[in-house]
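Accompanying notes for the structure given below.
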C-alpha cells in the first residue's frame with residue numbers, strides 16, 4: 001500500500017469535528033469516526049501525494065506511528081472510504 | 001450525485017470547538033458533549049395520517065394548519081446541506097400523504113442529504129416502487145408491528161398489515177434493495193421475532209426492532225403493551241443470538257444491564273447527535289420526547305435550525321454532564337446510563353432515577369410508588385373514531401362462567417346443573 | 001517568525017522564548033517518547049443506525 005496512490009472516494013463526505021472528523025459514505029452508508037486530526041489530514045492529503053509513503057512523509061508523523069496509520073488506511077479501504085487511484089495506462 | 005466538495009468545510013463555524021471542551025476520551029464521551037451538527041435527525045413532515053395506531057409517538061392523525069410550506073421545507077433541506085447532516089429520517093404522521101413529498105425527496109437527494117423515510121406503505125404503488133428503486137440515496141422503512149395481520153392490526157388498525165405487505169411486495173418486485181421493516185416490540189409481538197426475520201428475508205429487506213416508548217398515544221397503552229421483564233430477557237437473548245443483521249436504532253441500550261452491550265453506541269443521542277424537527281418547525285430533543293419539557297426552539301422563530309441546534313438552552317443542558325442521581329450506586333449505570341429520559345418522563349419517573357424498564361427491577365419499584373404521569377402538551381389525533389382506528393379489545397372469558405349458557409332445547413335433564421363444591 | 005524546532009510529539013515549535021519547565025533543555029526535549037498509537041485509537045466504525053433517538 002505504501003507505494004500505491006490512494007484518494008478519498010468520491011461518495012464520501014468528510015465533516016470536521018472538534019476531535020477529528022466524521023466520514024460518511026453515501027453509497028454504502030458506512031459511518032467512520034476519524035479520531036485524530038493527524039489521520040484526517042493524512043486522508044485529505046492522500047490524493048495530493050504521489051503515494052501513501054509520500055503522504056506519510058508529508059504528514060510529519062513519527063515513523064513509529066506509521067504502521068498504525070497504515071492499518072487505519074487499510075480499514076478505510078475495506079469500507080471503500082478511500083480508493084486506489086487507477087494507474088495511467 | 002455529483003462530487004461532494006469539502007472545500008467549504010473549513011469555513012463552517014464550530015462553536016463547540018471553542019471554550020472548555022475536553023479532548024480525548026472515548027467516542028461516546030465526545031458525543032455526550034454534543035456536536036456542531038446532528039449526525040442524523042428525524043424530520044416529521046406532517047401530523048396527518050391515514051392510520052390511527054394505538055401507540056403513535058407523535059399522536060398523529062390531523063394535519064396541523066401551521067405545517068411548513070414547501071418552500072420552508074426546502075429551506076430546512078438547504079440548512080441541513082450546509083451543516084452536512086448526512087441523512088434525515090423523514091416520518092410523520094404518514095409523510096407520503098403530503099402532496100409535495102416526492103418533490104421534497106428529490107430536493108433532499110439533489111442537495112447532498114440522504115433520506116430514509118418511514119411509511120405505513122399506503123402510497124407505495126408499483127409505480128412509486130419503481131421510482132424508488134431507480135433513485136440513489138433513498139432508503140424506505142415500512143412500519144409493521146405484527147408478523148401476522150391479527151397481531152399487527154390490533155395496534156395499527158384493520159387493513160394495515162395488508163397495506164404494509166403490499167408495499168413490501170411492490171418494492172421487492174421493483175428491485176428495490178434492502179428496504180427496512182421497522183417493528184416496535186410489544187408484549188404481543190415479542191413471540192414473533194423469528195417470523196419477523198423470515199418476513200424480512202423473504203422480501204430482501206432488513207429487520208429493525210425498536211423500543212416502545214410511553215410517548216404520544218403510547219402513554220395510554222404503555223401499561224398494556226410494554227414487554228414484561230421476562231420478555232425483555234427473551235428479546236435481549238434473541239438479539240444477541242440472531243441479531244447480526246438486525247438493526248435496533250440503538251433503542252435497547254437500557255438492556256445493557258443484562259450483560260454484553262448490544263451493537264450501537266449505547267448512548268442517548270437526544271440533543272447530542274440527533275433531534276427532531278416537527279411538522280410546524282418545532283425542534284425537540286428526539287421524536288420520543290415531543291413535549292414542552294423537551295422543546296428546544298422553533299426554526300421559524302428562533303433563527304433557523306442551526307441556531308437552535310447550537311445554542312438552545314435545552315441542548316446545552318443535555319450536553320452537560322448528567323447526574324446519575326439515584327442510580328449512582330448501581331454497578332450497571334456505566335452501561336445503561338440510566339436508560340431513556342423519554343420513558344422516564346412519560347411514566348412520571350424522575351430523570352435522575354431508573355428507567356421504568358430497568359433490567360435490575362428498580363424501575364418496577366419506582367412505578368409502584370407515587371408518581372404523576374404528565375399531561376400531553378399536544379395531541380394531533382383525529383377527534384372521532386375513524387374506520388382505520390384499531391379497537392384494542394382483549395377477548396376474555398367472564399371468570400364466573402364455567403360453560404356456555406344452556407340452550408332452551410337441551411335434552412339432558414342435568415344440563416346446566418352445577419354441583420356445590422365442598423368447602 | 002521565531003526560529004525553532006518542532007516537538008515531534010506535540011508539534012509545538014520550541015524557541016528560546018517559549019522554553020518552559022516542560023521543555024527546559026532541547027536535548028531532554030528530543031528524548032520525549034512518542035506515546036504508542038494503535039489503529040483503534042485512530043478510527044471507529046459505527047452503524048448510521050447506531051445512535052438512539054431516530055425512529
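Points worth noting:
- Cα-based helix-to-principal-axis angle, B:193-202 vs chain B, degrees rounded to 10: 60
- Peptide A:61-70 shows a mean partner chain C-beta count of 4 within 10 Å per residue C-beta.
- In terms of other Cβ atoms within 10 Å, B:224, B:412 run from fewest to most in the order B:412, B:224.
- Angle of helix B:229-242 to the longest C-alpha principal axis of chain B, folded into 0 to 90 degrees and rounded to 10: 60°.
- Per-peptide packing, taken as the mean over residues of other Cβ atoms within 10 Å, places A:31-41, B:324-334 in the sequence A:31-41, B:324-334 from highest down.
- Counting Cα-Cα pairs of chain B in 10 Å increments starting at 0 gives whole-percent bin shares of 4, 20, 30, 26, 12, 4, 2, 1, 0, 0.
- Rounded to the nearest 500, the 222 nm mean residue ellipticity of chain B from helices alone is -8000 deg cm²/dmol, with -39,500 (n - 2.57) taken per DSSP H run of at least 4 residues.
- The relative contact order of region B:34-189 comes to 22 percent, based on Cα pairs under 8 Å that sit 6 or more residues apart.
- Of the residues B:258, B:86, B:131, the one with the fewest other Cβ atoms within 10 Å heads the list, and the complete ranking is B:131, B:258, B:86.
- Label-point gap, in nm, between residue A:1 and residue B:331 - each point 7 angstrom along Cα→Cβ: 4.0
- Averaged over peptide B:77-86, the number of partner chain Cβ atoms lying within 10 Å of each residue's Cβ comes to 2.
- Think of it as helices only: each DSSP H run of n ≥ 4 in chain A is worth -39500 (n - 2.57), and spread over all residues that comes to -10000 deg cm²/dmol at 222 nm.
- Spin-label model, residue B:391 to residue B:69: label points 7 Å out along the Cα-to-beta-carbon direction sit 4.4 nm apart.
- Counting every pair of alpha carbons in region A:1-60, the share spaced more than 18 Å apart comes to 37 percent.
- When you count the other C-beta atoms within 10 angstrom of each residue and take the mean per peptide, B:262-272, B:363-373, B:147-157, B:277-287 line up highest first as B:277-287, B:262-272, B:147-157, B:363-373.
- Listed peptides B:59-69, B:237-247 appear in the order B:59-69, B:237-247 once ranked by packing, highest mean of other Cβ atoms within 10 Å at the front.
- Dividing the convex hull volume of the alpha carbon atoms of the protein assembly as shown by its residue count gives 218 Å³ per residue.
- Beta bridge orientation in the protein assembly as shown: antiparallel %, DSSP, nearest 5: 45
- Inter-chain Cβ neighbour count for A:7-19, averaged per residue, equals 6 (cutoff 10 Å, partner chain atoms only).
- Tilt relative to chain B, helix B:101-110 - C-alpha long axis, 0 to 90 degrees, to 10: 40
No value in this document is a laboratory result; all are computed from the given coordinates. Bear in mind that the values here come from a model prediction, so they are computed numbers and not experimental data. Methodologically, a virtual Cβ is constructed for each residue, glycine included, from the backbone with ideal geometry; neighbour enumeration extends over all protein chains shown.
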